[in-house]
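Beneath this line is the structure, given in structure tokens, with notes to follow.
The values are calculated or read from the model by the stated rules, or taken from the named source; none is laboratory data. What you are looking at is a predicted structure, and each value in this text was computed from that prediction instead of being measured. Here the Cβ is made from the backbone with ideal geometry for all residues, glycine too, and neighbour counts use every protein chain on show. Surface accessibility is based on the protein's heavy atoms, side chains included, excluding ligands, DNA and RNA. Shrake-Rupley method; radii C 1.70, N 1.55, O 1.52, S 1.80 Å.
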Amino acid sequence: MPAARLVLDAAYAVAPVPRRLFGSFVEHLGRCVYTGIYEPDHPSADTDGLRTDVLELTRELGPTVVRYPGGNFVSNYRWEDGIGPRDQRPTRLDLAWHSIETNQFGLHDFLSWTKKIGTEPMMAVNLGTRGLQEACDLIEYANHPGGTAWSDRRIANGAADPFGVKLWCLGNEMDGPWQVGHKTATEYGRLANETGKAMRLVDGDIELVACGSSNSSMPTFGAWESEVLEHCYDTVDYISLHAYYEEQGDDALSFLASAVNMDRFIESVVATADAVRARLGRKKRINLSFDEWNVWYQQRFSGDGPQPAGIPWEKHPRLIEDDYTVTDAVVVGTLLNSLLRHGDRVTVACQAQLVNVIGLLRSEPGGEAWKQTIAYPFEQVRRLARGQILQVVGASDLFDSAAYTDVPLVDATATYDTESGRAALFVANRSLTETARLEVDLRGIGGTSVLAATTLHAGAGQDRHATNAVQHDAVVPVRFDDHTVRDGRLTARLPALSWTVLELHTSR
Amino acid sequence: MPAARLVLDAAYAVAPVPRRLFGSFVEHLGRCVYTGIYEPDHPSADTDGLRTDVLELTRELGPTVVRYPGGNFVSNYRWEDGIGPRDQRPTRLDLAWHSIETNQFGLHDFLSWTKKIGTEPMMAVNLGTRGLQEACDLIEYANHPGGTAWSDRRIANGAADPFGVKLWCLGNEMDGPWQVGHKTATEYGRLANETGKAMRLVDGDIELVACGSSNSSMPTFGAWESEVLEHCYDTVDYISLHAYYEEQGDDALSFLASAVNMDRFIESVVATADAVRARLGRKKRINLSFDEWNVWYQQRFSGDGPQPAGIPWEKHPRLIEDDYTVTDAVVVGTLLNSLLRHGDRVTVACQAQLVNVIGLLRSEPGGEAWKQTIAYPFEQVRRLARGQILQVVGASDLFDSAAYTDVPLVDATATYDTESGRAALFVANRSLTETARLEVDLRGIGGTSVLAATTLHAGAGQDRHATNAVQHDAVVPVRFDDHTVRDGRLTARLPALSWTVLELHTSR
Amino acid sequence: MPAARLVLDAAYAVAPVPRRLFGSFVEHLGRCVYTGIYEPDHPSADTDGLRTDVLELTRELGPTVVRYPGGNFVSNYRWEDGIGPRDQRPTRLDLAWHSIETNQFGLHDFLSWTKKIGTEPMMAVNLGTRGLQEACDLIEYANHPGGTAWSDRRIANGAADPFGVKLWCLGNEMDGPWQVGHKTATEYGRLANETGKAMRLVDGDIELVACGSSNSSMPTFGAWESEVLEHCYDTVDYISLHAYYEEQGDDALSFLASAVNMDRFIESVVATADAVRARLGRKKRINLSFDEWNVWYQQRFSGDGPQPAGIPWEKHPRLIEDDYTVTDAVVVGTLLNSLLRHGDRVTVACQAQLVNVIGLLRSEPGGEAWKQTIAYPFEQVRRLARGQILQVVGASDLFDSAAYTDVPLVDATATYDTESGRAALFVANRSLTETARLEVDLRGIGGTSVLAATTLHAGAGQDRHATNAVQHDAVVPVRFDDHTVRDGRLTARLPALSWTVLELHTSR
């Protein structure tokens, strides 16, 4: 039986768990907004047109921050189209997703929604078709208390108090040739720097995210981050990372090893940012905003580049509505582990996206809403990762896949909260077929007992491709009992292809 | 007697005659639009304010495509100034031509006119003072069926159906320091690429023309095309060429050899585009849009650069209203030959301009309209060049001028239409004084007879500087009989300084 | 007793005194506009809301040109906010000075004010957040006679005649990272060139100033001027210089030597501009516009960069209201001398600023207005420098300070007006403690007598830090009698730390 022997020690903390690590993303794309979070005709809709069924599920997920309104969408978005009386808002072509945008949902609507959810908004400004002036106008509209033309217009539109949005993205994926108003690193670095400086003059309290590479396979990866940061190092707080993973062909093992790629990606961007820091002789560090990540079966969708003539323009078409499997949930667990492991530098992260579009949740127009398989690890880690992230040392048995070598079969992270004495252990068994033995030396935590444990796995008679598409509770975490604690040592037998969460209580 | 011995063979076809090779150009410049095609107070004006006398002459010319609204004009034009009720359109300074622009003629007006003529519109977007957003707004206004703010505005302005404009120029002569908002090759290449990509997202069906050099004597010629195409190769379909020719001093022979320069210019741009293709490893070829060409006596006009203080601003002043001579008509014939010879790559061409401004036609405010000498070769080649362009081989006697060596005294092109069995032969005799003997071996066409033939020349007792300015039919093609066909061999005696067109019928 | 022996000769003229050398500056900054020149509620206000007490003092100062509306302010200014009915003008955030801008004072208001003062306006266009189009719109609005949308709007707003503003700055301090929409030299050089060319197409009669370095200590100084001028040499008439001086710690001697720095700065920019001229092979020379200069105690103010969160946004807050001393007045005298000495190339200069903000004048809201110490040398030189600037040769005793070596103890300039036979001599004694003996050989001017003479100095029992803050006439020039003319030789005894002005009459 394959095995992993790990050590936890409360003295070896990486960093506090970043509050904003468990974010999600709402883009005007497909049915994320329309018939996702917003559907005034839905039986469950509240007076704001929000679906209360989706609201309720979102509150359970509890994303700590939600990015909006894009994504590629933002690069051809005129934010003021989405304010004021709904019947006077213009209908536009959204060039990013070849869709008709009615603007029935906009800035006020989103920020009301974040309040109902109890989450923090993270907004993006359009640096594709627009620039400095419109970004400043937006932040003045959103955040200035009142007494100016823009802020008084916000008040007239019903929001007496400033929204106080703190976290702002300077555009989206500006390195990607598919982006409307794509920029070179020089163009973007300069624009981001001047726009960011001016935005800070409007509101000195904001935090700014510069666009990093759209993914680590971009031909400009590394060079892009380096040049962009040289232009705007003093102006920004974060550099962004985006990554999507999928199973290529039947290569499940490489897919299960995706977090190895994410680890490397993060560490490469940290190195790049710190190299610029050294070169410029700065004290400040740039942190990482991993503001798009997920499993996404991109081969099923080709949305980039010009649409072939004749594809009709529709309002909120069904786009990239992936049905997630047990396997995907285990991978998402390991991606959360990767983010958590790097919580000293990755201090913002947004799973993409909340509803329908590669969504944690799914909702049918006029119909039901439910959680996909990947919602469970997200919700668990968001709820249980508390206090300090612990450095997990020790060794797991390794395997090789077509794309990676020396992949730990068991992938684990842990957190420990001194105040409550609670610890949490998040463990994936990447073996498709074998149960794995887990031994954890708790020497640095002290007398410990297991409070609760669950596992999410295919289970007997089930397929690793099982989803919640038809039976919405087909794949959920189940109680996990195959563990003992003796002499300060936890032993457990992790089912094949499983995501297991253990809550520990220490007597210290 | 100087002579030329040519061979025609239907098997040696260059390419089909490009439909768009016989275009013209309507710019808001001088009296091309106002008192040219549009003059509501004219006795002949229809209910749209169009001069029906000019309409009728234009239909006879039959330009297959018409470029609009500029030219230098477009680089400071706000297209939406020209839509909506006429009494609400703003009056502007046109900085390109130091004129007052009333905007009484605009997008809808032009496109109605093209329908009445039965021609295809070729529009240009302003990349001088504007950029991506306004270009997308325009194409959405013009081409999107409806249901968006911009397209609904077009419908409200009376055009229920989309205009479906296919052919779009990405700015005009952006390499020229005189251009409002002149760009470097880097600046323009980037802007053209991003604008073009976004325009295609609005309408996936369009074709795009990137600006090449304003003429082949620009100091950046070649380097400009190369860098611009490196930036936007995948986005555009055409690169543009502009050329104007005139008689310098009394050097008539060099002027008559202008097509040698045009041939070289075209071949240089083909080479440049194909070199970029090789460098980028692309399969697609970039074609050539020779979208401004003509005889133009530029020494009579100095419109570039800042106007001396005190020159008054006028509405549609008389600007560059060249009176064309017999000599000019022969040169225009050879320029048409040059374009036709390169019809495999030059697949769009626009004579500049249609009326008054270096015009095929002239019209007087409140008065008459007539064809200039150069209108005749244009109309003939447009009407008779059908089917395939034939490769004309053989040899003409040569001459040297001050500017060129080894210039063929007789310049000829031919087309052949398999379906109808018709061929056409377009021949210039560049000698100022001597009749030239033409022998054409028709071996590859078969039993042939001459259906009709005309020649345009100074004629007995006439001056090579004769124009149609006073007597509007002073210079017209006349019946040409000095030809025989025997044993598959055509023999003709071409008058000195003449443009001769022969229509052949083959029995094959 | 330290001494200076000088020679004046009317034959050795540098240049005519440039009319525009005695300019000032009104920026929307602090209380320069609001409660400075404009305060409708003030007891002295006229029907335009202008303070007549400040108007009267300004007329006495007689600035020959006044720059407006910024300064840093202009780089986020939308000029059309300041036109039309006052109650419809939008209130804006001014990002440059963290202030609320009500726009109650704007273009028309400023230009009415210049008429009342009898001075020439010098306007700046916004090249921070805006570009070519808005600059052209402004100049069309301001200077085009009528008959276009923009010029007719000016007429509707009450100005039937065009304003005819001749002198235009292409942005402000675009090299400074603090500037909203800061540009690199390449970015700015290109923008300035294209904007300037287009502005000239709107009005061929204007003169244009390109931004030089914000000060001679900028890391890009020299390189900036060089690259910018390479881009826009043919388009502009002037390159700008800005300099502010202050006493660092107690180093009064270095402060008193500030004009040495100004001399060097001017000569460096002349050399740089002329080197570009040589490189480009141009005949035209670029002149210098020293359009911000003064004493400014910048260590008392830190306005650059983002404001710390929480600093309130106020309307016309009290900002940089320096109280000027006797010492400052002597330094300002020497700075005027430096400008005058270089009047062959420095042909525009603007003291910064007119009222309250590092002001010649001060005014209290609802209260009094008065002249600061530095107003006196400004007013004297403006009034008395007439005719030709003379080359002053000879030698002064020298001193070394912490920052400079070989500084002339006595700093002098002179002008001579052939027509009236009047000469003027402007002399500073930089010694803090010693009277200086001045001998001037008037051989080249002829039989001369002293018409009038004044000196401004601390005086007996007074402190060199004395100001006019409390007693508004505490520091004024007083009659100066300690001089004789004998045998064509003027002898005078200049008080320690003094600014002395002698008006001479010649019998020639």
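Looking at this structure, is A:Ile374 over 27 Å from A:Asp53 (Cβ atoms) and β-branched (Val, Ile, Thr)? Reasoning before the result, please.
On the way: over 27 Å from A:Asp53 (Cβ atoms): no; β-branched (Val, Ile, Thr): yes.
Criteria not met by A:Ile374.
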Next item on the list: Can you run down the residue pairs with Cβ atoms below 7 Å, 6 or more apart or on separate chains, where the first is in the range A:490-508 and farther than 25 Å from A:Glu419 by Cβ and the partner is acidic (Asp, Glu)?
Entry: A:Thr491/A:Glu439; A:Ala492/A:Asp482; A:Arg493/A:Asp482; A:Ala496/A:Glu434
Notebook entry, point to check: If B:Ile374 satisfies every condition in (1) open to solvent by 20 Å² or more (accessible area, probe 1.4 Å); (2) touching a Phe, Trp or Tyr at 6+ places or on another chain (Cβ under 7 Å) but one, which is the exception?
Noted result: (1)
Checklist line | Residues of the range C:18-43 that turn out to be over 16 Å from the mean Cα position of the chain (by Cα), open to solvent by 10 Å² or more (accessible area, probe 1.4 Å) and closer than 30 Å to C:Leu384 by Cα, as a count | finding: 1
Next item on the list: Kindly indicate whether A:Gln307 is modelled with pLDDT under 95, assigned by TED's automatic domain parsing to the domain that holds A:Ala185, touching a Phe, Trp or Tyr at 6+ places or on another chain (Cβ under 8 Å) and open to solvent by 30 Å² or more (accessible area, probe 1.4 Å).
Entry: no
Note to self: Could you check the range A:197-220 and list, in sequence order, the residues that are under 13 Å from A:Met174 (Cβ atoms) and outside any strand (DSSP E or B)?
What the structure shows: A:Cys211, A:Gly212, A:Ser213, A:Ser214, A:Met218, A:Thr220
Margin query: Given the options B:Asp481, B:Asp417, name the one that is crowded, with 18+ Cβ neighbours inside 10 Å and not assigned by TED's automatic domain parsing to the domain that holds B:Val330.
Written below: B:Asp417
Checklist line | Matching residues in the range A:68-110 - criterion: being open to solvent by less than 10 Å² (accessible area, probe 1.4 Å), more than 10 Å from chain B (Cβ to nearest Cβ) and either among the basic types (Lys, Arg) or outside any strand (DSSP E or B) (or both) | finding: A:Pro69, A:Gly70, A:Gly71, A:Phe73, A:Val74, A:Gly82, A:Phe105, A:Gly106, A:Leu107, A:Phe110
Next item on the list: Go through the range C:354-421 and tell me which strands (runs of 3 or more DSSP E), entirely inside it, have 1 or more residues that are small (Gly, Ala, Ser) and over 26 Å from the mean Cα position of the chain (by Cα).
Entry: C:393-396
Next item on the list: Taking the residues in the range C:119-150 that are part of a helix (DSSP H, G or I) and over 31 Å from the mean Cα position of the chain (by Cα) as candidates, determine which candidate is farthest from the other protein chains (Cβ to nearest Cβ).
Entry: C:Trp150
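Can you pull out every residue in the range C:224-254 that is closer than 16 Å to C:Leu280 by Cα and open to solvent by 20 Å² or more (accessible area, probe 1.4 Å)? Reasoning before the result, please.
Residues of the range C:224-254 that are closer than 16 Å to C:Leu280 by Cα, as a first pass: C:225-237.
Listed by number, the residues that qualify are C:Ser226, C:Glu227, C:Glu230, C:His231, C:Asp234, C:Asp237.
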Notebook entry, point to check: C:Val475 versus (1) within 21 Å of C:Ala257 (Cβ to Cβ); (2) assigned to a loop (DSSP other than H, G, I, E, B); (3) open to solvent by less than 30 Å² (accessible area, probe 1.4 Å): which is the lone unmet condition?
Noted result: (1)
Notebook entry, point to check: Looking at A:Val393, A:Val410, A:Val381, which is the one that is of a type outside the set (Lys, Arg), at pLDDT below 95 and either crowded, with 22+ Cβ neighbours inside 10 Å or assigned by TED's automatic domain parsing to the domain that holds A:Ala469 (or both)?
Noted result: A:Val393
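Taking the range A:262-303 as the search range and keeping residues that are of a type in the set (Gly, Ala, Ser), part of a loop (DSSP other than H, G, I, E, B) and free of Cβ contacts under 8 Å to residues at least 12 places away in the same chain, which one is farthest from A:Ala210 (Cα to Cα)?
Restricting to residues being of a type in the set (Gly, Ala, Ser), part of a loop (DSSP other than H, G, I, E, B) and free of Cβ contacts under 8 Å to residues at least 12 places away in the same chain, the top hit is A:Ser302.
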Next item on the list: Mind listing just one residue for me: the one in the range C:432-462 that is in contact (Cβ under 8 Å) with a residue 60 or more places away in the chain and in contact with a helix residue (DSSP H, G or I) (Cβ under 9 Å, 6 or more places away or on another chain) and, of those, farthest from C:Trp499 (Cα to Cα)?
Entry: C:Gln462
Next item on the list: Give me a count of the residues in the range B:16-26 that are in contact with a helix residue (DSSP H, G or I) (Cβ under 8 Å, 6 or more places away or on another chain) and either outside any loop (DSSP other than H, G, I, E, B) or over 15 Å from B:Pro63 (Cα atoms) (or both).
Entry: 3
Note to self: For the range B:422-460, give me each residue that is aliphatic (A, V, I, L, M), open to solvent by less than 10 Å² (accessible area, probe 1.4 Å) and not in a strand (DSSP E or B).
What the structure shows: B:Ile445
Item checked: Of residues in the range A:188-209 being in contact with a strand residue (DSSP E or B) (Cβ under 7 Å, 6 or more places away or on another chain) and open to solvent by less than 20 Å² (accessible area, probe 1.4 Å), the one nearest to the other protein chains (Cβ to nearest Cβ) -> A:Val202
Note to self: Is it the case, given these coordinates, that A:Gly164 is more than 14 Å from chain C (Cβ to nearest Cβ) and either open to solvent by less than 20 Å² (accessible area, probe 1.4 Å) or at pLDDT 95 or above (or both)?
What the structure shows: no
Checklist line | Only one of B:Arg430, B:Arg489, B:Arg443, B:Arg508 that is at pLDDT 95 or above and among the charged types (D, E, K, R) | finding: B:Arg430
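Report yes if some residue within the range B:47-67 is of a type in the set (S, T, N, Q), open to solvent by less than 10 Å² (accessible area, probe 1.4 Å), within 14 Å of chain C (Cβ to nearest Cβ) and within 26 Å of the chain's Cα centre (by Cα); otherwise report no.
For the range B:47-67, residues of a type in the set (S, T, N, Q), open to solvent by less than 10 Å² (accessible area, probe 1.4 Å), within 14 Å of chain C (Cβ to nearest Cβ) and within 26 Å of the chain's Cα centre (by Cα): absent.
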